[in-house]
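The values are calculated or read from the model by the stated rules, or taken from the named source; none is laboratory data. Because the structure is predicted, anything quoted here is derived from the model rather than measured. Backbone-built Cβ (ideal geometry, glycine too); neighbour counts: all protein chains shown.
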């Protein structure tokens, strides 16, 4: 009999490629999966039920917006209450809680029904809250995680530094499951790549690409200014995603032809956009504790596409870039001149660029979802015992 897994997600599944990989792996392995996802802006659908890449999704349509900080506490409470009562009404074997902001309803419902709990921590969440300027709630979040994490049956996270943090908060069994990508999803033809580049109007340009959370910690305004101020018309910055910088980046694109703003795209579109780019950007401020302990999707998207990455030197991302030599690291990303130096090192030396591309392809032997999936399935197998 199939084991039923309920996944709790605080954002639309459409934008979460990592979760799509995890859930498709579980479905292929024979698990019966359903996702409860909060689409607070109804950006992808206003329908409560649907499927995303074949994965059943039950949407929670409580209206809110990103970047509101403590102003959306009531909306979170509504999400928790709705999810909690839905969990009480259905049968399931495992509840898979993605990040701290879904853990409370998942733990309470699973304990009442004597079911297994998997905590999937993509972030050091209290540190993330510091980045998002929600400082008053940070001690409460750390305390809540320390209490709830002792009640779960297993924990997975994306990096060793976050694993160390969670152990200090009381986690017992932790497995690192990196955010690697399925290589088959990046297998596009030259015609498909050229078609997208033509659509974006960058077919004859050297493209630097970022897609993801549009926040100040990602140094995106500083990067946009580099492209605005430089006289080289052969380079382009293609940027998209969601967050508090959407309007500012949209305006920058309107004022500068070397910045192309693509807005929000679904997770299953990211591989083609990555493949159609020349270099991927993933630069985080060194002041961000969370960004420098987690492993961003960008790193593994770049590797899967065989594209070099420019990233911060700190944390596990910097270590992997240096070990694989699949890109360039920026020692002090808070100084925009250092980001600019990395950008122009790549475009000024074709031999360096070619070598970085080759190294990114070689890194696929180690960092690919085809290997990571086995680790995830071992965790689930242990939950069944």
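Odds and ends about this structure:
- Close Cβ contacts (under 7 Å, 6 or more residues apart or on different chains) running from residues in region 207-230 that are assigned by TED's automatic domain parsing to the domain that holds residue 247 to residues that are surrounded by fewer than 18 Cβ atoms within 10 Å (Cβ to Cβ) and in a strand (DSSP E or B) are absent.
- Matching residues, region 263-299, being surrounded by fewer than 18 Cβ atoms within 10 Å (Cβ to Cβ) and part of a helix (DSSP H, G or I): 268, 269
- Only one entry in 315, 311 is touching a helix residue (DSSP H, G or I) at 6+ places or on another chain (Cβ under 8 Å) and more than 23 Å from residue 358 (Cβ to Cβ), namely 315.
- For region 303-326, residues that are buried (at least 20 other Cβ atoms within 10 Å of the Cβ) and on the phi > 0 side of the Ramachandran plot total 2.
- Among the strands (runs of 3 or more DSSP E) confined to region 1-64, the ones with at least 2 residues that are closer than 23 Å to residue 370 by Cβ and either at pLDDT 90 or above or assigned by TED's automatic domain parsing to the domain that holds residue 264 (or both) are located at 4-9, 32-38.
- Within region 330-353, if we keep just the residues that are in contact with a strand residue (DSSP E or B) (Cβ under 6 Å, 6 or more places away or on another chain) and without any contact (Cβ under 8 Å) to a residue 40 or more places away in the chain, the residue that is surrounded by the fewest Cβ atoms within 10 Å (Cβ to Cβ) turns out to be 338.
- For region 98-170, the helices (runs of 4 or more DSSP H) that sit wholly inside it and include 3 or more residues that are farther than 22 Å from residue 315 by Cβ and in contact with a helix residue (DSSP H, G or I) (Cβ under 7 Å, 6 or more places away or on another chain) are 103-113.
- Verdict on residue 87 being over 21 Å from the mean Cα position of the chain (by Cα) and either outside the structural domain of residue 376 (by TED's automatic domain parsing) or buried (at least 18 other Cβ atoms within 10 Å of the Cβ) (or both): yes
- Flag if residue 119 is crowded, with 16+ Cβ neighbours inside 10 Å and closer than 20 Å to residue 293 by Cβ: yes
- Across region 354-385, the qualifying residues are those that are more than 15 Å from residue 181 (Cβ to Cβ) and touching a residue at least 60 places away in the same chain (Cβ under 8 Å), and the one among them that is surrounded by the most Cβ atoms within 10 Å (Cβ to Cβ) is 380.
- Tabulated pairs, region 21-45, first closer than 17 Å to residue 8 by Cα, second in a loop (DSSP other than H, G, I, E, B), C-beta under 6 angstrom, 6+ apart or interchain: 21/182; 31/3; 32/2; 37/12; 38/10; 39/12; 40/64
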